[in-house]
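Structure, as structure tokens:
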Amino acid sequence: MKAVIQCGGMGMRLRPFTSVLPKPLMPIGARPVLELLLKWLRRNGIENVYVTTGYLGHLIRSVCGDGSQWNLKIRYTQEMEPLGTIGPLSLIRDELDEPFLVLNGDVLTDLSLSRFVATHRAHKDLVTIATAARVTKMDFGVIDEVNDTVQVFREKPSLSHLVSMGIYCMNPGVLQFIPSGIPFGFDDLMLQMLQDGQVVHVYKHEGLWLDIGRVEDFQKAQSVSWEEQSASIEVAAAAA
């Protein structure tokens with residue numbers, strides 16, 4: 001199976017650090033997050049990877065090269081203008097001729113790819129989204145009202161939501177919804193597919209997931225022993 005890692009963003013939430021480093025090269029301990037992600041893919045049986053680049057893409061190429069140091073084959077795309085979070089797939093649509101993975105370049109997780117992919121293959125629809133539960137602490141008093149009268153008042157509640165992990169399994173048929181040459185986000189893709197009556201599935205992951213683009217998750221990642229975590233991921237993948 002091929003994997004596409006999206007690395008073209010500017011990492012605005014991690015400024016000023018991403019003024020000199022693209023977000024996928026931000027260090028987690030002594031290693032860039034992209035290296036940890038590539039090693040995780042390889043342990044899960046992935047050998048062919050496309051890395052979509054834009055902002056400071058030459059630095060990503062310099063660090064990762066052709067991927068041979070991790071027994072991977074890495075090929076790159078370069079965006080002249082930003083194409084959004086899913087638009088870069090249009091640059092390699094001819095290469096994606098079988099089910100493939102799409103991942104944000106700032107994700108760290110212990111998701112079992114074998115289970116995720118098996119779930120996707122079982123239902124035969126175009127897209128499966130890996131999801132996790134996230135709790136958001138509201139800084140306001142939240143009001144539920146009917147006809148302008150208060151029914152429930154909750155002072156600074158914590159709300160739980162199912163959110164996208166930035167990891168997707170897709171069939172080639174999804175490419176018909178992605179235009180070429182213009183910015184196109186995953187939210188645009190979902191709108192197009194749902195308007196077309198397509199079924200989109202979710203896979204609920206209950207383990208580790210960090211979005212390094214968020215300052216809180218970036219800081220949390222520094223306290224995780226990724227060498228030990230890597231061993232547990234490998235065992236989980238082998239057992240799947």
Relative packing of peptides 157-168, 23-34 - highest average C-beta neighbours within 10 Å first:
23-34, 157-168
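Give me Rg/Rg_expected for the stretch 69-201, where Rg uses Cα atoms only and Rg_expected = 2.2 N^0.38 Å with N residues. Before the final figure, lay out each step's value.
Numbers: Rg = 19.0 Å, N = 133, 2.2 N^0.38 = 14.1 Å.
Dividing the Cα Rg of the stretch 69-201 by 2.2 N^0.38 Å gives 1.35.
Probe of 1.4 angstrom, ligands and nucleic acids ignored: what's the accessible area per residue over the stretch 123-183, in square angstrom? Write out the running numbers ahead of the final one.
Details: 3620 Å² over 61 residues.
So the stretch 123-183 comes to 59 Å² accessible per residue, rounded to a whole number.
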Taking the dipole of the chain about the Cα centre (Lys, Arg +1; Asp, Glu -1; charges at Cβ), the one of Ala30, Leu126, Thr77 that reaches farthest to the positive side is Ala30
Net charge around Val152, counting only other residues with Cβ within less than 12 Å of its Cβ (Lys, Arg = +1; Asp, Glu = -1)?
-2
Please report the net charge: other residues with Cβ closer than 11 Å to the Cβ of Ile86, K and R +1, D and E -1.
-2
Compute the FRET efficiency between Arg115 and Thr136 as 1/(1 + (r/R0)^6), taking r as their Cβ-Cβ distance and R0 = 30 Å, and round to the nearest 0.05.
0.65
How high is the relative contact order of the chain, given as a whole-number percent (alpha carbon pairs under 8 Å, six or more residues apart)?
25 percent
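Can you send over the carbon and sulfur percentage of the accessible area for the chain, probe radius 1.4 Å, protein chains only?
Working: 6450 of 12090 Å².
Looking at the chain in its full context, I get 53 percent from C and S.
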Which trypsin sites (Lys or Arg not before Pro) from the stretch 124-217 combine a DSSP loop assignment with at most 14 other Cβ atoms within 10 Å?
Lys124, Arg214
Below 8 Å, C-alpha to C-alpha, sequence gap of six or more: please give me the relative contact order for the stretch 13-104 in percent.
23 percent
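Taking Rh as the Kirkwood radius computed over C-alpha pairs, what is the Stokes-Einstein D of the chain at 20 °C in a medium of viscosity 1.002 mPa s, expressed in µm² per second? All intermediate terms of the calculation are to be shown ahead of the outcome.
Values: Rh = 19.1 Å.
Answer, rounded: 112 µm²/s.
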For the stretch 47-105, what does the accessible surface come to per residue with a 1.4 Å probe? Please give it in Å².
45 Å²
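Could you check what % of the DSSP bridge pairs in the chain are antiparallel, to the nearest 5? Numbers along the way, then the final one.
On the way: 25 of 47 bridges.
Roughly 55 percent of the DSSP beta bridges within the chain come out antiparallel.
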On a full-extension model of 0.36 nm per residue, what is the gain between Gln176 and Glu98, subtracting their alpha-carbon distance, rounded to one decimal in nm?
26.7 nm
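Can you tally the net charge around Val51? Count Lys and Arg as +1, Asp and Glu as -1, for every other residue whose Cβ sits under 10 Å from the Cβ of Val51.
Computed value for this residue: +2.
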For the pair Lys156 and Gln78, the simple spin-label estimate (label points 7 Å beyond Cα toward Cβ) gives in nm 5.0 nm
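The values are calculated or read from the model by the stated rules, or taken from the named source; none is laboratory data. The structure displayed is predicted, hence computed values, not measured ones. We place every Cβ from the backbone using ideal geometry, glycine too, and count neighbours over all the protein chains shown. All accessible areas refer to the heavy atoms of the entire protein, side chains included, with ligands and DNA or RNA removed. Shrake-Rupley method; radii C 1.70, N 1.55, O 1.52, S 1.80 Å.
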